[in-house]
Amino acid sequence: MKRISVLALALMMVVTSVFAQGTKEDASAKGQTELTVLNYIDMSEPNSANEVKLIWDKFNAENPDIKVIREDLFNEPFHQKTEAYVASGKVPDVLYMWPSGRSTSLHTTKSVKDLMPFLEKDGLVSSYNPATLTPQFAGFLGELPNGITTTHMLYVNTKVLKDNGLTMPKSYNEMKAMVKPLKAKGIDLIAMDNMDAWVMQSCLFSMVVGRFGGTDWYGQLASGKISFTDPWFINSLSLIDDMYKSGMINRNSLSSPYGSSRGSFAAGKAAFYIDGDWSTASFQTDMTTGQALLSPAVQASDIELVVLPEITGEVIHNSNSGVVGTGWGMSANIPAGSAKEEAAWRLIKFLEGEYAQTYRLSIGASFPSNLKVDVAKVVKERNLEPLVAKRADYYKNFNTITPVIDGVLAGDVYNVINTGLQEIGLGSKTPAMVAQNVQKAWQTWKANQ
């Protein structure tokens, strides 16, 4: 994976600093409070331009006393820039975050504030799903989440199955048996993009680990009752190995950038597609262009949202992997009680308020953590696309949730898992070898605590 050099990151920081200084003087002259914001957005995705207009421009219009200086980044460049900010001690005033995983350093260095006192002061605790307000990686509420995220979603193109004399598989083995007849027609079984190492771990492997390890696998691991070299973990790795070896997932997916195979699935070149629940937004209609990867008619008739079917040897069935969703945090550098703190909290409340969360629901980006959003009412009144309703049913049907690996393990451990999964995909490491490497990383991490 290509990395941004230290020099390049330093130059990025300098440019940002110079730009911010100029805007700060402009904001001061207008009597505004300036907020620097690090935003996570893929401008190539449907509705991204619309989001700028309907979210950010709306906030600016309603809050003329606040000057927002927004920096838009996506995927690895976003995470690399975040780490650079943490290392410099100059975290933006408001920034997009994860509850753990890729935002671990923000939590452990206490670069962000605990948001629970802000919620309590404004009487907003009861306005959010209690499950989304639990303490995060470092024991406090570092970010106010959009909702609960399930990281594994299996899209099914039922028309592709039907056209090839196939039906919805009831087991993993039935699904694997489809490789040969579909390959004969030039159709892939599963489309997936595994160049970015986190994808396999988050969108498939975490779910598989839960199937073999159970809902409490992390608790048992942390208490020393099980280890990564035990059958539950080796069997999980072996399943991924089998998926590559059998052709269920093509090895060339390891050179496929995240999101790039959505188009081929939509075009019927694969029977299944694996991603996280957030990806439904990518298939829906772009409000700006009127274009969609899957038309509403196709969404209704040909697409189903499920999870990987029953696997021989699993200890729980139809489970999924999930974690508290992403959201917004506030820099710990902002002085308590200051005008900047008030402005930052006002922005976070807006970004996780009823209006913004209703918008995200309407485009399929996330299901709300804010209890003021009436999902059924919004779906009906706005005549939302079929994938929104199917996503709601998906949550009802697959509600046994197990931990996401990078949501409970430290980077020193989950990065070894990520790399190991890619090595299994390349055929350069066996499941047993990867398990040994992960156990060693786990023991080393524990020893250093």
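The values are calculated or read from the model by the stated rules, or taken from the named source; none is laboratory data. This is a predicted model, so every value here is computed, not measured. Backbone-built Cβ (ideal geometry, glycine too); neighbour counts: all protein chains shown. The area values use the complete protein model at the heavy-atom level, side chains included, leaving out ligands, DNA and RNA. Shrake-Rupley method; radii C 1.70, N 1.55, O 1.52, S 1.80 Å.
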Item to check | Lone unmet requirement of (1) farther than 25 Å from residue 74 by Cβ; (2) in contact (Cβ under 8 Å) with a residue 24 or more places away in the chain; (3) buried (at least 18 other Cβ atoms within 10 Å of the Cβ); (4) out of contact with any Ser or Thr (no Cβ under 6 Å at 6 or more places or on another chain) for residue 402 | outcome: (4)
Checklist outcome for this item: Note on residue 65: of the conditions (1) open to solvent by less than 60 Å² (accessible area, probe 1.4 Å); (2) touching a residue at least 60 places away in the same chain (Cβ under 8 Å), unmet is (1)
Checklist entry - In the range 215-249, what count of residues is obtained for those that are within 28 Å of residue 191 (Cα to Cα) and touching a strand residue (DSSP E or B) at 6+ places or on another chain (Cβ under 6 Å)? => result 4
Checklist outcome for this item: Picked from the range 287-297 (must be touching a residue at least 60 places away in the same chain (Cβ under 8 Å) and within 13 Å of residue 386 (Cα to Cα)), the residue surrounded by the most Cβ atoms within 10 Å (Cβ to Cβ) is 294
Next on the checklist: For the structure I just gave you, tell me whether residue 241 is open to solvent by less than 30 Å² (accessible area, probe 1.4 Å), charged (D, E, K, R) and closer than 17 Å to residue 426 by Cα.
Outcome noted: yes
Checklist entry - Taking into account only those residues within the range 100-115 that are open to solvent by 30 Å² or more (accessible area, probe 1.4 Å) and in a helix (DSSP H, G or I), which is nearest to residue 151 (Cα to Cα)? => result 102
Item to check | Positions within the range 76-99 being open to solvent by less than 30 Å² (accessible area, probe 1.4 Å) and either in contact with a Gly (Cβ under 9 Å, 6 or more places away or on another chain) or over 26 Å from residue 197 (Cα atoms) (or both), in sequence order | outcome: 91, 92, 93, 94, 95, 97, 99
Item to check | Selection from the range 300-336 of residues that are under 30 Å from residue 350 (Cβ atoms) and either free of Cβ contacts under 8 Å to residues at least 60 places away in the same chain or out of contact with any strand residue (DSSP E or B) (no Cβ under 8 Å at 6 or more places or on another chain) (or both) | outcome: 333, 334, 335, 336
Checklist outcome for this item: Residue pairs within 7 Å by beta carbon, gap of at least six or interchain, first lying in the range 206-224 and in contact (Cβ under 8 Å) with a residue 60 or more places away in the chain and open to solvent by 10 Å² or more (accessible area, probe 1.4 Å), second among the β-branched types (Val, Ile, Thr) and in a helix (DSSP H, G or I), listed first then second, are 218/408
Checklist entry - Which of (1) modelled with pLDDT under 95; (2) over 25 Å from the mean Cα position of the chain (by Cα); (3) hydroxyl-bearing (Ser, Thr, Tyr) does residue 48 not meet, given it meets every other one? => result (2)
Checklist entry - For residue 280, which of the numbered conditions (1) among the polar types (S, T, N, Q); (2) crowded, with 19+ Cβ neighbours inside 10 Å; (3) more than 20 Å from the chain's Cα centre (by Cα) fails to hold? => result (3)
Item to check | Meets criteria (in a helix (DSSP H, G or I), modelled with pLDDT of 95 or more and either open to solvent by 50 Å² or more (accessible area, probe 1.4 Å) or within 29 Å of residue 408 (Cβ to Cβ) (or both)) for residue 202 | outcome: yes
Checklist entry - Within the range 306-344, how many residues turn out to be under 22 Å from residue 68 (Cβ atoms), aliphatic (A, V, I, L, M) and either part of a loop (DSSP other than H, G, I, E, B) or open to solvent by 30 Å² or more (accessible area, probe 1.4 Å) (or both)? => result 4
Checklist entry - Yes or no: residue 409 under 30 Å from residue 53 (Cα atoms), open to solvent by less than 70 Å² (accessible area, probe 1.4 Å) and not small (Gly, Ala, Ser)? => result no
Next on the checklist: With the structure loaded, tell me whether residue 349 is closer than 23 Å to residue 69 by Cβ, in contact (Cβ under 8 Å) with a residue 12 or more places away in the chain, surrounded by fewer than 20 Cβ atoms within 10 Å (Cβ to Cβ) and of a type in the set (Lys, Arg) or whether it fails that test.
Outcome noted: yes
Checklist outcome for this item: Heads up, the helices (runs of 4 or more DSSP H) in the range 125-194 (entirely inside) with at least 3 residues that are exposed (fewer than 15 other Cβ atoms within 10 Å of the Cβ) are 158-163, 179-184
Next on the checklist: Yes or no: the range 303-312 includes at least one residue that is under 23 Å from the mean Cα position of the chain (by Cα) and among the hydroxyl-bearing types (Ser, Thr, Tyr).
Outcome noted: no
Checklist entry - If the Cβ limit is 9 Å and pairs must be 6+ apart or interchain, which residue in the range 424-441 that is within 17 Å of residue 249 (Cα to Cα) and in contact (Cβ under 8 Å) with a residue 60 or more places away in the chain pairs with which residue that is open to solvent by less than 20 Å² (accessible area, probe 1.4 Å) and among the polar types (S, T, N, Q)? => result 425/194; 425/253; 431/236
Next on the checklist: Can you tell me which residue is farthest from residue 307 (Cα to Cα) among those in the range 253-277 that are open to solvent by 20 Å² or more (accessible area, probe 1.4 Å) and in a helix (DSSP H, G or I)?
Outcome noted: 255
Checklist entry - Does residue 58 fit the bill of being modelled with pLDDT of 95 or more and crowded, with 18+ Cβ neighbours inside 10 Å? => result no
